[in-house]
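Read the figures in this text as sums done on the coordinates, not as results from a lab. Model, not experiment: these values are computed from the prediction. Methodologically, a virtual Cβ is constructed for each residue, glycine included, from the backbone with ideal geometry; neighbour enumeration extends over all protein chains shown.
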DNA sequence: GCCGTTTTCGGCCCGACTGTTTTCAGTCG
């Protein structure tokens with residue numbers, strides 16, 4: 001039983017209870033399902049080493065759920081779940097994926113029409129059986145059919161690199177409209193998650209109707225799912241959902257905070273507000289709003305104490321400002337509390353506040369770029385000029401090596417020739433008074449046994465050596481890990497490029513023990529790369545966090561294969577910020593001499 | 001079902017929108 005298996009059962013138990021109208025329990029199960037899914041280690045291991053008691057220590061897990069997990073681990077089944085399933089034998093995960101369908105409606109559809117799966121749902125809707133049901137109507141039936149169509153066609157999350165340009169384009173269009181005072185991208189996109197479920201855009205306007213009308217009529221809109229006074233939602237032709245919300249000026253900070261999330265982060269802030277006798281919603285932070293007051297209908301007596309900016313909300317809650325990329329409920333609220341109350345009891349604990357994250361624009365160089373010597377599109381000089389235009393002070397040319405024959409990978413001889421070209425180009429820069437530097441490097445293949453594709457003699461002539469896995473993705477975790485660590489122990493190897501080899505949405509990472517890789521990086525002084533190319537984003541945020549904690553240095557590289565690719569560095573910086581990295585953690589945020597000095601020390 | 005600077009009982013984040021109703025339930029984020 002993996003964490004995913006356990007989470008699925010717990011989630012469905014919650015959904016079945018919700019179906020029956022049971023209060024509160026559904027939320028308890030759902031919460032634990034999410035926790036288990038996001039857990040670092042396997043619940044099975046937690047149970048094996050610590051027993052029932054250790055399982056109960058997982059946040060949100062009490063005796064009752066712990067026992068159900070124990071039963072799942074021991075027998076692979078849960079009696080409680082089986083009984084619920086027997087009562088309503090439907091394919092929950094399949095039906096829940098239809099937009100607009102939740103547990104209650106799924107329950108009603110089963111009870112009245114015997115619908116148990118997507119196929120039967122489609123048949124019932126097509127036959128016009130749903131619109132006659134109590135609580136459903138013509139529109140519900142159409143929405144269900146449409147939901148099934150969209151589910152079949154696209155579905156799934158979009159990579160950051162796809163969603164962000166689309167969102168920025170929409171912002172540009174809306175910006176031109178009359179009466180629009182301010183626009184901001186919110187949601188998981190503002191947190192720069194590696195994949196985006198939907199785009200949230202916030203707008204201040206005193207005349208929202210024309211903005212809403214324009215928004216739902218944009219040319220790439222395939223379907224309008226909501227069109228109200230303060231909120232509209234559309235689905236674009238490419239399947240991306242976009243929400244637009246209009247908020248009043250005095251509530252802008254509260255709304256931005258609320259719609260940026262994450263959900264768990266918001267819940268934590270609201271709890272904090274309640275503890276202080278305040279109420280937080282998307283309109284502001286209010287005093288005089290305890291739950292009893294709300295029930296007596298006293299909301300009009302509330303006094304707004306913050307809301308215009310995010311900063312004042314965090315401040316009033318007793319927190320230092322938390323950057324959007326950190327708002328994932330992975331300790332940032334506690335850290336912001338500790339920082340805000342340096343003399344408090346909590347301050348004597350372990351951590352000391354929030355880090356000052358690396359900023360967009362902090363990079364001085366790029367340590368992985370390819371040219372037309374191998375599979376890149378442009379010459380060394382064109383790449384250098386593009387890097388200068390992107391505001392960089394140095395790049396490393398890291399073409400592929402001979403094992404990657406399909407890219408015309410460099411052998412020792414051609415590497416030498418390329419070095420001459422780089423020398424000449426540097427001389428040209430020098431003569432023209434430019435301080436820009438092109439460094440010699442390689443994206444050298446790690447061979448099957450963990451040795452390198454180029455000789456040590458060739459590698460030692462280079463300024464920066466990157467090592468990459470491009471073959472044998474199917475080795476066992478043990479073999480792959482040992483292979484990579486052997487490469488890292490080669491004293492000429494400076495950086496491990498795209499350490500897990502994943503391609504988001506296309507190829508899973510190869511099996512590798514990242515804790516062991518990080519430990520080896522610490523031991524050997526090897527830099528681990530954050531490959532910024534949007535379908536890689538490799539390292540992941542959680543790995544970056546571990547590197548920061550271990551004191552392992554990283555680089556943020558474009559992996560540019562053409563002069564137009566340097567803009568992707570932004571995604572890498574976002575990823576680094578999500579991993580709580582600061583400038584001192586990122587070697588190419590340093591001046592070139594300091595960066596090279598660090599690599600030299602590590603080789604020694 | 002879980003949890004505790006509301007601590008072993010009594011709460012549990014909060015509001016918008018839709019579609020179905022005629023005051024509200026369900027869904028979503």
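Here are a few things to note about the model shown:
- Annotation: average projected area of segment A:335-479 is 13.6 square nanometres, based on the convex hull of Cα atoms across all directions.
- Computed from the Cβ-Cβ distance with R0 of 51 Å, the FRET efficiency linking residue A:126 to residue A:416 stands at 0.15.
- Panel order for A:229, A:541, A:5, by other beta carbons found within 10 Å of each beta carbon, from fewest to most: A:229, A:5, A:541.
- Compared with the alpha-carbon gap, the fully stretched path from residue A:237 to residue A:139 is longer by 33.1 nm at 0.36 nm per residue.
- Cα-Cα pairs of segment A:401-470 separated by more than 14 Å (percent): 61 percent
- Between helix A:25-38 and chain A: long-axis angle, C-alpha atoms, 0 to 90°, nearest 10: 10 degrees
- Segment A:513-604 shape via C-alpha gyration tensor axes, a/c threshold 1.5: oblate
- Rg ratio (alpha-carbon, reference 2.2 N^0.38 Å) - segment A:158-248: 0.99
- Percentage, to the nearest whole number, of Cα pairs in segment A:91-248 over 27 Å apart: 34 percent
- Listing A:328, A:83 from fewest to most neighbouring C-beta atoms within 10 Å gives A:83, A:328.
- A helix-only calculation puts chain A at -13500 deg cm²/dmol for mean residue ellipticity at 222 nm, using -39500 (n - 2.57) for each DSSP H run of at least four residues, averaged over all residues.
- Förster-model FRET efficiency, 30 Å R0, residue A:562 and residue A:598, C-beta, rounded to 0.05: 0.55
- Förster-model FRET efficiency, 45 Å R0, residue A:479 and residue A:281, C-beta, rounded to 0.05: 0.25
- Compared with the dominant Cα axis of chain A, that is its longest principal axis, helix A:103-113 is turned about 60°.
- Applying the Kirkwood pairwise sum to the alpha-carbon positions of segment A:1-57 produces a hydrodynamic radius of 11.7 angstrom.
- Per the Debye formula on identical point scatterers at the alpha carbon atoms of segment A:213-283, with no solvent, log10 I(q)/I(0) at q = 0.12, 0.21 Å⁻¹ is -0.44, -0.91.
- Relative to the globular-protein estimate of 2.2 N^0.38 Å, the Cα radius of gyration of segment A:26-122 stands at 1.28.
- Distant alpha-carbon pairs in segment A:439-569 (separation over 25 angstrom), percent: 19 percent
- Annotation: the residues A:471, A:188, sorted from fewest to most other C-beta atoms within 10 Å of their own C-beta, follow the order A:471, A:188.
- Applying Stokes-Einstein at 4 °C and 1.567 mPa s to the Kirkwood radius of segment A:533-582, computed over alpha-carbon pairs, gives a translational diffusion coefficient of 117 µm² s⁻¹.
- Ranked by the mean number of other Cβ atoms within 10 Å per residue, highest first, peptides A:520-526, A:271-277 order as A:520-526, A:271-277.
- Translational diffusion coefficient (Stokes-Einstein; Kirkwood radius from C-alpha pairs) of chain A at 20 °C, 1.002 mPa s, in µm²/s: 79 µm²/s
- Each 10 Å bin from zero holds the following percent of Cα-Cα pairs in segment A:178-325: 11, 36, 33, 17, 3.
- Seen from every direction in turn and averaged, the convex hull around the alpha carbons of segment A:364-404 projects onto 2.7 nm².
- Centre-to-centre separation between the Cα atoms of segment A:95-170 and those of segment A:229-281: 25 Å.
- Angle between chain A longest axis and helix A:263-275 axis [Cα atoms, degrees, rounded to 10]: 60 degrees
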